[in-house]
Amino acid sequence: QVRFVESGGGLVQPGGSLRLSCAASGFIFSAFAMSWYRRAPGKERELVASISGAGGNIDYVDSVKGRFTISRDNAKNMLYLQMNSLKPEDTAVYYCKRTSRSDDWGQGTQVTVSS
């Protein structure tokens, strides 16, 4: 079945960096656009970044543009999110999933930005 396993989160100071990873399985990875989402405490889950199957089309929510970079390795069925210049408001649980698909969510990875 379709499965996503997120990793790479942690506690980081403001201005720091983290690289999130997502291992996907159960479908032809290169055939689907993928997205990173996040849910901050007390807020709705939001779309953070998306990348097309071949990686040629990428979009970001305005709040992370210039700071986050989404990428994928189709040979390894892996999705990544490089996060630089982190801010306290980036604190959230981060999830990956096929874009606009009703897949079950993985466990997510916690990112906490705090001094």
Residue-normalised value, i.e. accessible area per residue, for segment 7-113 at 1.4 Å probe, in Å², stands at 50 Å²
In the chain, carbon and sulfur make up what percent of the accessible area (probe 1.4 Å)?
47 percent
Report ³J(HN,Hα) in whole Hz for each residue of segment 30-45, in order, from the Karplus equation J = 6.51 cos²θ - 1.76 cosθ + 1.60 where θ = phi - 60°; Gly and Pro get x.
5, 7, 10, 5, 10, 9, 9, 10, 8, 10, 7, x, x, 10, 6, 5
Any idea what the alpha-carbon Rg over 2.2 N^0.38 Å comes to for the chain?
0.99
Given the Cα atoms of segment 23-64, and with Rh set as the inverse mean 1/r over their pairs in the Kirkwood sense, what is Rg to Rh to two decimals?
1.05
How high is the relative contact order of the chain, given as a whole-number percent (alpha carbon pairs under 8 Å, six or more residues apart)?
37 percent
If R0 is 30 Å, what FRET efficiency do you get for Ser30 and Ser63 from their C-beta distance, rounded to 0.05?
0.55
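The values are calculated or read from the model by the stated rules, or taken from the named source; none is laboratory data. If you're wondering where the values come from, they're calculated on a predicted model, not measured in any experiment. We place every Cβ from the backbone using ideal geometry, glycine too, and count neighbours over all the protein chains shown. Heavy atoms of the whole protein, side chains included, go into the accessibility calculation; ligands, DNA and RNA do not. Shrake-Rupley method; radii C 1.70, N 1.55, O 1.52, S 1.80 Å.
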